[in-house]
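Written below as structure tokens is the structure these notes are about.
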Amino acid sequence: MKLERVEDYNEMSQKAAEAIYDKIVNSDRVVLGLATGSTPEKMYGILAGMLNENSVDLSHVYTVNLDEYVGLASDHPQSYHHYMKNIFFDHVPIPPENTFIPDGAATDLDAEVKRYDRMLEEIGGVDLQLLGIGRNGHIAFNEPGTAFDSRTHVVDLAETTIKDNARFFNTIEEVPTRAISMGLDTILDAKSILLIASGEGKAAAIDGMINGVESADMPATVLQRHDDVTVLADKAAMGKL
Ligand SMILES: O=P(O)(O)OC[C@H]1O[C@](O)(CO)[C@@H](O)[C@@H]1O
């Protein structure tokens, strides 16, 4: 893994936006794997600003998101559909038909995970996958215990994840307990991966991911198997290395 240590959240956001911008403007066609959560929020704002300032055409850009909560309609304020629209898609001229997010409100979840895997295949695979990391080492919603050979699947969220994400909901009872997530093996299919992290709350997970032995207890260790991963993190998140 290539490590890039930056000063703080602002610098991490700027550098991540630049990396994605470069990929977009230097490709004839590009599939971006996108992440949600609080970590990439500022990055999306910076990226949208750069794209608009330079009037970049985005008709060659396709996006596939990692995950979505089960049971939230796409217009629910905490759904990842809403997050992406609000924070990025509404601000850039990306064709809506080029953007893909699992449907957490699907009545047949088995059919939905199969449909999503099929779509990933048909779209030709992810060129650049953006990832955050959970404090417990999850990537996308692949919680500790997830098989390394998992494809898109329905997951039960860990107690720690529900608690961490309760800050976005009015009460902890409102936090969905399940999600649809690309699997660990699905994530490894990406040609290159950019994992971003900020703050000392992520330091143990970053250390475990890089220095720990490969183990389902720390899902992010699966990235040790990939030969093009960049970890872009601030000093605090790299504080235990
Ligand atoms: O960026 P945050 O909010 O710390 O979340 C970390 C990770 O957790 C998730 O939000 C899922 O809980 C991921 O989407 C994200 O990468």
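The values are calculated or read from the model by the stated rules, or taken from the named source; none is laboratory data. Bear in mind that the values here come from a model prediction, so they are computed numbers and not experimental data. Positions of Cβ are generated from backbone atoms using ideal geometry, with glycine treated the same way; all protein chains shown enter the neighbour counts. Side chains included, ligands, DNA and RNA excluded: accessible areas come from the protein's heavy atoms. Shrake-Rupley method; radii C 1.70, N 1.55, O 1.52, S 1.80 Å.
The alpha-carbon of LYS15 sits under 19 angstrom from the alpha-carbons of these lysines, leaving out residues fewer than 8 places away in its chain: LYS2, LYS23, LYS42, LYS202, LYS235.
Accessible area per residue was computed with a 1.4 Å probe on protein heavy atoms; GLU7 scores about 100 Å². Summarising the strand pairing of the chain, around 30 percent of its internal DSSP beta bridges are antiparallel. For segment 109-241, the alpha carbon convex hull comes to 106 Å³ per residue, rounded to a whole number. Every pair of different Cα atoms in segment 170-241 enters the Kirkwood calculation, which places the hydrodynamic radius at 13.7 Å.
Packing, taken as the mean count of other beta carbons within 10 Å per residue, orders the peptides 180-191, 130-141, 163-174 from highest to lowest as 130-141, 180-191, 163-174. For the chain, with all protein chains present and a 1.4 Å probe, just round the carbon and sulfur fraction of the accessible area to a whole percent. Whole-percent figure for carbon plus sulfur exposure: 46. Shape summary of segment 36-148, radius of gyration then Dmax from alpha carbon positions: 14.7, 44 Å. Its relative contact order, with pairs defined as Cα atoms under 8 Å and 6+ residues apart, puts the chain at 26 percent. Annotation: aspartates and glutamates with alpha-carbon distance below 14 angstrom to LYS85 (same-chain offsets under eight excluded): GLU41, GLU68, ASP75, GLU97. Using the rule -39500 (n - 2.57) for each DSSP H run of four or more residues, divided by the residues of the chain, the 222 nm mean residue ellipticity is -9000 deg cm²/dmol. Along its three principal directions, the equivalent ellipsoid of segment 1-55 from the Cα gyration tensor extends over semi-axes of 19, 14, 12 Å, largest first. Could you check how many percent of all C-alpha pairs in the chain are farther apart than 32 Å? Value for the chain: 13 percent of Cα pairs lie more than 32 Å apart.
Ligands, DNA and RNA are left out, and with a 1.4 angstrom probe the accessible area of segment 1-104 is 45 Å² per residue.
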